[in-house]
């Protein structure tokens, strides 16, 4: 009996130590999670330079996020965000549904690479939707398309992407091209209607919004860019934005 008691005490001590380490190492845990699950969801390489999270007030900062490009595209990356800040309700960190008050992606650099009849951002969006379907969830804009995906869920009050800069390019330009500012993206109450969204479902919503906004901005900016004296770059992209 004593042996069982000692064994149980050891197990509890190890478990408590593990929980203490996880709680006090959230920076490492979140960074590792992003770099591990990000490529599985997006279908491209994902790297993060630094993560800082305060368990006291739920404020967090991600620095140096880089999202790679799908195979066949020449730009070094699809997106680079210098700073992403978020505010989480600390009381929900261990709950099944985590409440994120807001996420702000500040001044990201986006490469919109056109190739044949498609583009890199749309390829990433399709990767995310495929992952969501395989997990049993619902892709962005398709309520009721699937079941309820397993895993921790999130209620996100607001997602803002501001001051984004887009470079429109094609493989011949090898990452160079036409740059323009993207109108800010403001998403509200992500996951509210379904009682919480998985990380992949939330990523699907964001990816869909970015693709839609970039496509609108391309159509809006082509004439202005042509008038601005960038005919050579436009010639290189001719026929790819139809």
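Checking every residue in region 118-137 against the condition of being crowded, with 22+ Cβ neighbours inside 10 Å and modelled with pLDDT under 85 gives at least one match. Being at pLDDT below 95 and either over 18 Å from residue 121 (Cβ atoms) or surrounded by 13 or more Cβ atoms within 10 Å (Cβ to Cβ) (or both) is a description that does not apply to residue 220.
Among residues of region 41-56 that are within 12 Å of residue 26 (Cα to Cα), those with a beta-carbon under 8 Å from a residue that is in a loop (DSSP other than H, G, I, E, B) and modelled with pLDDT under 95 at least six positions away or on a different chain give the pairs 55/93. Across region 69-100, the qualifying residues are those that are in a strand (DSSP E or B) and farther than 23 Å from residue 213 by Cβ, and the one among them that is farthest from the chain's Cα centre (by Cα) is 97. In region 18-55, the qualifying residues are those that are exposed (fewer than 13 other Cβ atoms within 10 Å of the Cβ) and closer than 27 Å to residue 208 by Cβ, and the one that is modelled with the lowest pLDDT is 36.
The values are calculated or read from the model by the stated rules, or taken from the named source; none is laboratory data. Note that the structure is a prediction, hence the values are computed from the model and not measured. Methodologically, a virtual Cβ is constructed for each residue, glycine included, from the backbone with ideal geometry; neighbour enumeration extends over all protein chains shown.
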